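One structure below.
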Amino acid sequence: QKEVEQDPGPLSVPEGAIVSLNCTYSNSAFQYFMWYRQYSRKGPELLMYTYSSGNKEDGRFTAQVDKSSKYISLFIRDSQPSDSATYLCAIFTGNQFYFGTGTSLTVIP
Amino acid sequence: DTGVSQDPRHKITKRGQNVTFRCDPISEHNRLYWYRQTLGQGPEFLTYFQNEAQLEKSRLLSDRFSAERPKGSFSTLEIQRTEQGDSAMYLCASSARQSGDYTFGSGTRLTVV
């Protein structure tokens, strides 16, 4: 079993839609949870970072962690064409990251 | 400070040749990571430095791979006798804290022909 599982998509939504991206993880000891955005041929860019269960909001982005079910989510409100990218969930153990495979998102104008 | 810098951005090499990549982390970041990313996959951990000490290495890092961070600042990743399977994006990331929020560089894209 992989440490982090993520549906690769692709996901295609109309502009203005609410996007939900999800990952599950295997080890309940994992403490730090991140979402990265990656544009083609670029390195990952940190979007959201949290270390506790619950919601964290930053503008149009909300990260949600449910440690009891080992489930993490990223919600994007009022999606824009500029949000089109690959979104990677990541778990940080304190020594290394485990990344999901990434979900490719396209927001259609 | 312009973030994590990686050089070169692209490298095309013939199978069997040696290649070396460089990563310059954000100033005063003592933690530095190397990751490898292939198409359609998330980054995979290769190795981790805290200052100049290499604290952890993945099993992915075969004998042909070596990484250094001699003065605790920039780091190099060398691949000897490259194989076609080494073709990937090699990413470097750095942080000042153990808890995360690492900054990634734009990566070095290696193509072995």
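The values are calculated or read from the model by the stated rules, or taken from the named source; none is laboratory data. Please read these numbers as outputs of a predicted model, since none were measured by experiment. Reconstructed Cβ throughout: ideal geometry from the backbone, glycine too, with neighbour counts over all protein chains shown.
Only one residue in B:R15, B:R69, B:R9 is within 11 Å of chain A (Cβ to nearest Cβ) and either over 12 Å from B:A93 (Cα atoms) or touching a residue at least 24 places away in the same chain (Cβ under 8 Å) (or both), so which one is that?
Numbers: B:R15 fails: within 11 Å of chain A (Cβ to nearest Cβ); B:R69 fails: within 11 Å of chain A (Cβ to nearest Cβ).
Matching residue, one of B:R15, B:R69, B:R9: B:R9.
Restricting attention to the stretch A:77-97, and to residues there that are facing another protein chain (nearest Cβ under 10 Å), over 11 Å from the mean Cα position of the chain (by Cα) and buried (at least 21 other Cβ atoms within 10 Å of the Cβ), which single residue is nearest to A:P10 (Cα to Cα)?
In this case the residue turns out to be A:F97.
Looking only at the stretch A:12-45, count how many residues are of a type in the set (A, V, I, L, M) and buried (at least 17 other Cβ atoms within 10 Å of the Cβ).
As a first pass, look at the stretch A:12-45 and keep what is of a type in the set (A, V, I, L, M): A:13, A:17-19, A:21, A:29, A:34.
Now narrow it down to the ones that are buried (at least 17 other Cβ atoms within 10 Å of the Cβ): A:13, A:19, A:21, A:34.
Matching residues across the stretch A:12-45 total 4.
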>> Looking at (1) buried (at least 19 other Cβ atoms within 10 Å of the Cβ); (2) away from every other protein chain (no Cβ under 13 Å), which one does A:G100 not meet, given that it meets all the others?
In response: (2)
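Every residue, every condition in (1) under 24 Å from A:W35 (Cα atoms); (2) modelled with pLDDT under 95; (3) hydrophobic (A, V, I, L, M, F, W, C), yes or no:
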{"site": "B:L46", "(1), (2), (3)": "yes, yes, yes"}
{"site": "B:D63", "(1), (2), (3)": "no, yes, no"}
{"site": "B:L91", "(1), (2), (3)": "yes, no, yes"}
{"site": "B:S99", "(1), (2), (3)": "yes, yes, no"}
{"site": "B:S106", "(1), (2), (3)": "yes, yes, no"}
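Residues B:E56, B:E44, B:E52, B:E83: which one is within 14 Å of another protein chain (Cβ to nearest Cβ) and touching a Lys or Arg at 6+ places or on another chain (Cβ under 9 Å)?
Details: B:E56 fails: touching a Lys or Arg at 6+ places or on another chain (Cβ under 9 Å); B:E52 fails: within 14 Å of another protein chain (Cβ to nearest Cβ); B:E83 fails: within 14 Å of another protein chain (Cβ to nearest Cβ).
None of the other options fit; the residue is B:E44.
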> Can you pull out the strands (runs of 3 or more DSSP E) entirely within the stretch A:1-63 that have at least 1 residues that are within 12 Å of chain B (Cβ to nearest Cβ)?
Replying inline: A:4-6, A:19-25, A:32-38, A:45-50
> Could you count how many residues in the stretch B:35-66 are surrounded by 14 or more Cβ atoms within 10 Å (Cβ to Cβ), of a type in the set (D, E, K, R) and more than 14 Å from the chain's Cα centre (by Cα)?
Replying inline: 1
>> Restricting to the stretch A:75-101, count the residues that are closer than 25 Å to B:L32 by Cβ, in contact with a Leu (Cβ under 9 Å, 6 or more places away or on another chain) and in a loop (DSSP other than H, G, I, E, B).
In response: 3
